[in-house]
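Working notes, beginning with the structure itself.
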Amino acid sequence: RGSLWQMPQLSTRDLSGREELHLAHLVLSFLTMGYLWQEGEEGTVKVLPRNLAIPFWEVSQSLGLPPILSHADFVLANWKRKTPSGPLEIDLSPVMALPPLLLQAIVRAINALLQLDEETLHKALQELAEAIGDMSKALRRMHDYVDPAVFYSVIRIFLSGWKDNPAMPDGLVYEGVSAEPMAYSGGSAAQSTVLHAFDELLGIRHSEESTAFLHRMRDYMPPPHRAFVEEIQRAPSLKQHVLSSRNGQLCTAFNRCVSALADFRTHHITIVTKYITTAAAKAKARSGEPTDKAGPLPGKPPSLLEAKGTGGSHIFRFLKSVRDTTREGMIS
């Protein structure tokens, strides 16, 4: 914090193009989260100093994003070329290859629906079901690369926001922007465009509470991503088309997509159980005990968000609700 107090007032006037703006938003969001959470949930502050708050607000306004770390920052913008001067080469691992495949399948499905091309629609739904299944496989790789103790005790708090968070119940004052505190949700998988796109395409209808939370999370998407989801929402109903077509193959392909999405959400619950619930219990048991282990584990683990996601939702109630309503989207 002392270093940030001494930081000069940053100007956004020299930033040109969306790439530089997104990079600035990424850097400023990381600095903000570090400033707020470096002392844990009991050492938070109420004011973000103007030399950080003003440029963060200006960059956020230019991008149509909120002034907080979001999925758009730590996932979509958090990468760089391996060779700065070399060509852009993407390693088509399952994780990197998934978003283009998923989006292409969604677009093909909608175009086929508009053109009443059932053969192409059937193929697109098959591709989509397979891609969602691959997404679940990619999610399982988290077990290989992320230590639950480190995620829970070290990383997770820096993804937390100041809306629906008992550690910062009054929100945060952005000095030089507003005298009144503002509240924003932290980074969340619910801000991922592809999950919203699936729900809209497949006609999944969640509970009123879950729908309200998911729609609020759309405010944390880049505007073009939000527009993409809304465009899918305005398209003719895929589910109604499949029902009225009486086409057994289409029905089976549609149900495979819904089943694959429900399976993904089930595995998400498994991940949360391991990385939050079980990790929290172990952190409590470990807290205060003498240790000779090297590593960044703090003496006192965070506890106020054990039952909530970093986006502010009641985590298990929300995840189980959206998984169950996804299952209800099957055509019998």
*Which of the GluC sites (Glu not before Pro) across segment 19-59 are loop residues per DSSP, with 13 or fewer other Cβ within 10 Å?*
GLU39, GLU42
_Pairwise FRET efficiency - GLU209 versus LEU243, Cβ, R0 = 35 Å, nearest 0.05_ = 0.80
*Taking LYS284 as the anchor, which aspartates and glutamates have their alpha carbon closer than 19 Å to its alpha carbon, excluding any fewer than eight residues away along the same chain?*
GLU39, GLU41, GLU42, ASP147, ASP292, GLU306
_Run the paramagnetic zone check for GLU119: 7 angstrom along Cα to Cβ, then residues of segment 239-266 with backbone nitrogen under 16 Å._
249-250
*Based on the Kirkwood radius over alpha-carbon pairs, what is the Stokes-Einstein translational diffusion coefficient of segment 77-229 at 25 °C with 0.890 mPa s viscosity, in µm²/s?*
131
*asked:* So for segment 135-190, considering every pair of alpha-carbon atoms, how many percent are separated by more than 16 Å?
replied: 60
*Across every pair of different alpha-carbon atoms, what Kirkwood hydrodynamic radius in Å does segment 209-293 reach?*
17.2
*What shape does segment 168-259 have by the C-alpha gyration tensor, where a ≥ b ≥ c are the square roots of the eigenvalues, rounded means a/c under 1.5, and otherwise prolate means a/b greater than b/c and oblate the rest?*
prolate
*Under a Cβ-Cβ cut-off of 13 Å, what is the net charge of the residues other than LEU4 that fall near it, where Lys and Arg count +1 and Asp and Glu count -1?*
+1
*Could you go through segment 64-72 in sequence order and give the Karplus-derived ³J(HN,Hα) for each residue, using 6.51 cos²θ - 1.76 cosθ + 1.60 with θ = phi - 60°, rounded to whole Hz, and x for Gly and Pro?*
x, 10, x, x, 7, 5, 9, 4, 5
*Long pairs among LYS163/LYS320; LYS80/LYS123; LYS46/LYS274; LYS137/LYS274, criterion Cα-Cα beyond 26 Å*: LYS80/LYS123; LYS46/LYS274
*Taking every Cα atom in the chain, find the radius of gyration and the maximum pairwise distance Dmax, and write them in Å.*
21.5, 68
_DSSP loop trypsin sites (Lys or Arg not before Pro) with at most 16 other Cβ within 10 Å excluded, longest remaining stretch of the chain_ = 142-204
*Candidate aspartates and glutamates - alpha carbon under 18 Å from LYS239, same-chain residues fewer than 8 apart omitted*: ASP117, GLU118, GLU119, GLU127, ASP199, GLU200, GLU230, GLU231, ASP324, GLU328
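Every number in this text was worked out from the coordinates using simple rules, so none of it is lab data. Keep in mind that this is a model prediction, so the values were computed, not measured. When we count neighbours, we look across all protein chains shown, and the Cβ atoms used for this are built from the backbone with ideal geometry, even at glycine.
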